[in-house]
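Colleague: What follows is a structure written as structure tokens; I'll ask about it next.
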């Protein structure tokens, strides 16, 4: 059983039992709970901590856990309807609405119910995360002199230099800002580059998180279709000309969700087109450390050969490690770098130093490259398993492209099959999948699903997930 489900089940059980004890009465010891429920001491500790947070239990160091005093006063029932007026009062004068549609983001972050196989997540399964290496790095980082002191606003120099080397020769440590993960970096970049109401060119389909960031900032996403080689240059030039946009957001490597790979020659063409229109390219390089074994040499980042400062580069360690290692980087040259720095400082001051020190210890250890090789091999095997299962058991789903990196497949549904019906049917059948609609900035051309193979426990679970999806598809087709 997974640790998180064990904690939830134990907390539920203890929650039902706590009323049996008088106020101040002592609950069974941790050792007794371990033996009775056949769980680990860590699970017991986390379940008790959950009840403490709910106010049901209090703990006394060295003495145990006790039933807490019940709350004697109920919260007053308020009336928040006034907020609807306050939040929409400026809508008539704003150039673009600021309502935040986070459905696509929250869907990817949701933890499926116990027993449901997760083909919708965007992070590595705990079994693929370098937990021992991260724990060792955290321990070493905590012993560094000054580990808890205030870091430079731009980030630790050594960590900035590491990200700069990863990007390429055109980027130096002075061009890099350390951020709290890639999502924060994208938010900072769009706030720096576009004023509310401005158009921003987006790949279509694209990562829902960047669409949500743009809309939350009051920007107007303008879709530019992609093909198997990424964003299409002729349509890109046409979109710049028609809209006057000054920003393009793209994912050149293992694009989310299509898996497209932007070849080096087309990448240079994209940068040149943006430059000719006086525009920036926000390069979200999220998948560089998720290349598959058969990927071959990867194209260099667009920022690697960009002396004119057209590209604002975003990268992160999170996807290749753990959702909680939220350390990323923004790289930019010229005056825009100072604007990025100012916005980040106002928003968050700096990334906590212990997290930066941990990241530096991790990427500098021998375990880092071993981990990347392990992830590459396992993602390759999982991709092969999922692609073969889809082609064999779900032949009506179109699979136009099998990616050489990343953690997902993008499939097109048969004409007439509703995403709105299939996604909940799949959940009832025991598999969570991502609907295609949130990946489009405008009306989608057809129904799609994104199937992720990163968050499953292994290849056997992938095969079972496809079987369950077959059941759901048959049910919807009736």
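Read-outs: derived from the displayed coordinates by stated rules, not from any lab. Being a predicted model, the structure only gives us computed values, none of them experimental. Reconstructed Cβ throughout: ideal geometry from the backbone, glycine too, with neighbour counts over all protein chains shown.
Colleague: So how tilted is helix 353-363 from the main axis of the chain? Cα-based, degrees 0 to 90, rounded to 10.
Modeller: In the chain, helix 353-363 runs at an angle near 70 degrees to the longest axis.
Colleague: At a threshold of 8 angstrom on Cα-Cα distance, excluding pairs fewer than six apart, so keeping six or more, what relative contact order does the chain reach in percent? Mind dumping the intermediate values first?
Modeller: Numbers: 860 pairs, mean separation 88.6, N = 478.
In percent, rounded to a whole number, it is 19.
Colleague: Any chance you could give the angle, 0 to 90 degrees and rounded to 10, that helix 131-142 forms with the longest Cα principal axis of the chain?
Modeller: It is inclined by approximately 90 degrees.
Colleague: For every helix of n ≥ 4 consecutive DSSP H residues, a contribution of -39,500 (n - 2.57) applies; sum these over the chain, divide by its total residues, and give [θ] at 222 nm rounded to the nearest 500 deg cm²/dmol. Please report the intermediate quantities before stating the final value.
Modeller: On the way: 16 runs with 202 residues, N = 478.
After summing the helix terms and dividing by residue count, I get -13500 deg cm²/dmol.
Colleague: Label points 7 Å out from Cα along the Cβ direction at residue 442 and residue 242: separation in nm?
Modeller: 0.5 nm
Colleague: Would you mind ranking 6, 149 by Cβ crowding within 10 Å, fewest neighbours first?
Modeller: On the way: 6 20, 149 8.
If I rank by nearby Cβ atoms, fewest first, I get 149, 6.
Colleague: Post the alpha-carbon centroid distance, region 270-289 to region 197-252, in whole angstrom.
Modeller: The two parts, judged by their Cα centres, are 11 Å apart.
Colleague: Let me ask something else. Nearest 5 percent is fine: what portion of the DSSP beta bridges confined to the chain is antiparallel?
Modeller: Details: 24 of 43 bridges.
Beta bridges within the chain, antiparallel portion: roughly 55 percent.
Colleague: Also, quick follow-up: As an exercise, use a Förster radius of 51 Å and the Cβ-Cβ distance of residue 195 and residue 132 to find the FRET efficiency, rounded to the nearest 0.05. Spell out each step's value before the answer.
Modeller: Numbers: r = 47 Å, r/R0 = 0.91.
The formula returns an efficiency of 0.65 here.
Colleague: Now, a different point. I'd like to compare 387-394, 58-65: which one has the highest average count of other Cβ atoms within 10 Å, and what's the full order after that?
Modeller: Values: 387-394: 15.9, 58-65: 12.1.
The most tightly packed comes first, giving 387-394, 58-65.
Colleague: In addition: Could you work out the relative contact order of region 3-67? I mean the mean sequence separation of Cα pairs under 8 Å and 6+ apart, divided by the number of residues, in percent. Could the numbers behind the result be given before it?
Modeller: Details: 65 pairs, mean separation 27.3, N = 65.
Across region 3-67, relative contact order equals 42 percent.
Colleague: Tilt of helix 366-393 relative to the longest C-alpha principal axis of the chain, in degrees (0 to 90, nearest 10)?
Modeller: Tilt relative to the chain: about 80 degrees.
Colleague: Return the label of the correct value of Cα extents along the principal axes in Å, as calculated from the structure shown, out of (1) 100, 51, 39; (2) 111, 65, 50; (3) 75, 63, 56.
Modeller: (3)
Colleague: To continue, here is another question. Just rank 234, 464, fewest to most, by other beta-carbon atoms within 10 angstrom.
Modeller: Details: 234 9, 464 15.
The fewest-first ordering by Cβ neighbours comes to 234, 464.
Colleague: Determine the distance separating the Cα centre of region 307-385 from the Cα centre of region 399-478; give it in Å without decimals.
Modeller: Here the two parts' Cα centres lie 29 Å apart.
Colleague: Please state the relative contact order of region 140-364 as a whole percent: Cα pairs under 8 Å, 6+ residues apart? Numbers along the way, then the final one.
Modeller: Values: 427 pairs, mean separation 65.0, N = 225.
For region 140-364, the relative contact order is 29 percent.
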